[in-house]
Amino acid sequence: MSKKIALEIFQEIKKRNERVDNDSIPHSDDFVHHLNMAIGIEPAFARQLIKSLIEAHMIFAIEIVGEDRLSNIPKVEGYVECDLKTLRKLKLFFQDELIRLYESEHYKRVTYHQVVKEIMPIMNTLNNTPLGQVANKAIMMGELERMMEKNFEEYTEEWKSHHLNIEINKAASNSNEKKVINKTQTDNKIVIQENGNLNFDNGTGLKKYSSLISKNSNYPLARILKIYGIEFFFKAQIRRKQFAYLSQLVETGKFLHSKDLLSLREMIFDVKKKISKDPKLQELREDVFGLERAITHRLYFNKNLDAY
């Protein structure tokens, strides 16, 4: 039953994508409400099935509006079928729409790449504006297109079907369990939560974490990444609030690929949510947004990013 409903949700997303207009990418808030009213799916269950579709690489979720608690603006995602033909059509449409919106606001006609270059440094100020939403859609369609082309083996129908069964079974088995599951690694006492946050247990975890810090100055960065993995390295540096250092790595680090930068950007999204509650982060606000700009700039302007 869950799989049948998940496929029904997928078909609704696909149908909307095929329209190729301003409403062709369903927004998470309105879409979940639509599923509740039209199909009778409870919002929590709908989100769970949407997550299964994302994990099975049947759809992409892109951030259209970033959460801003100070302005009481919730995060809004958009859903797009993992299909190159669909991505390319939507990319061209939203690139043209971005040019049109920019021209209507600034009274000058420029190319798509010129628009992106001009608005990229101020993207955080465009959050939840028509221009900002269209820019996020246009930019992400191009990025997702490149990611699919590079990792095509993860987007075959066989891959999707196999992993959808796994994700649906997982969702069904966890439906009555707690949403957040803590898993403790016995070797270093790192607590990893389902939402991707990383916390260090008192004592042993910090000792292991200190080991990583010391190696920063004693070993080449490439060796550190090989030992710990790039995701752990990013999380360790974020915990130390080394945003300026990470910006330098993003700008100069040839070892970083687009999937690494996308992962780091997701971590920065989580950091931004905490700025209003953390005085130290407030002091480093410019460094946080500077890192976000560096990631976005490298993702969209370095065509040789995945050649290394």
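Each value in this text was obtained by applying a stated rule to the coordinates, not by laboratory testing. Not measured: the values here are computed from a predicted model. Using ideal geometry, Cβ is built from the backbone for each residue, glycine included, and neighbour counts are taken over all protein chains shown.
Remarks
- Gain upon complete extension [K170, E286; 0.36 nm per residue less C-alpha separation]: 37.8 nm
- Amide hydrogen neighbours beyond the local backbone of I64, cut-off 5 Å, H modeled: V76, E77, G78
- Net charge of neighbours whose Cβ lies under 14 Å from the Cβ of L98, counting Lys and Arg as +1 and Asp and Glu as -1: +1
- Between the stretch 254-295 and the stretch 66-110, the alpha-carbon center distance in angstrom: 21 Å
- Amide proton proximity set for I73, modelled H, under 5 Å, gap of 5+: D68
- Test item: Cα-centred dipole of the stretch 2-174, Lys/Arg +1 and Asp/Glu -1 on Cβ, debye: 140 debye
- Rounded to the nearest whole Hz, the Karplus-based 3J(HN,Hα) values (6.51 cos²θ - 1.76 cosθ + 1.60, θ = phi - 60°) of the stretch 131-138 follow the sequence 5, x, 5, 5, 4, 4, 5, 4, with x at glycine and proline.
- Between H163 and M37, the FRET efficiency from the beta-carbon distance, with R0 = 41 Å, is close to 0.90.
- Inter-label distance for K108 and N151, nm, one decimal - labels placed 7 Å from Cα along Cα-to-Cβ: 3.8 nm
- Net lengthening on full extension, R69/D270 (0.36 nm per residue, minus Cα-Cα): 71.1 nm
- Note: relative contact order over the stretch 2-174, using C-alpha pairs below 8 Å and six or more positions apart, is 26 percent.
- Amide H contacts under 5 Å for E81, placed H, 5+ residues apart: F60
- Using θ = phi - 60° and Karplus 6.51 cos²θ - 1.76 cosθ + 1.60, couplings along the stretch 274-282 (whole Hz; Gly, Pro as x): 9, 4, 5, 9, 10, x, 5, 5, 4
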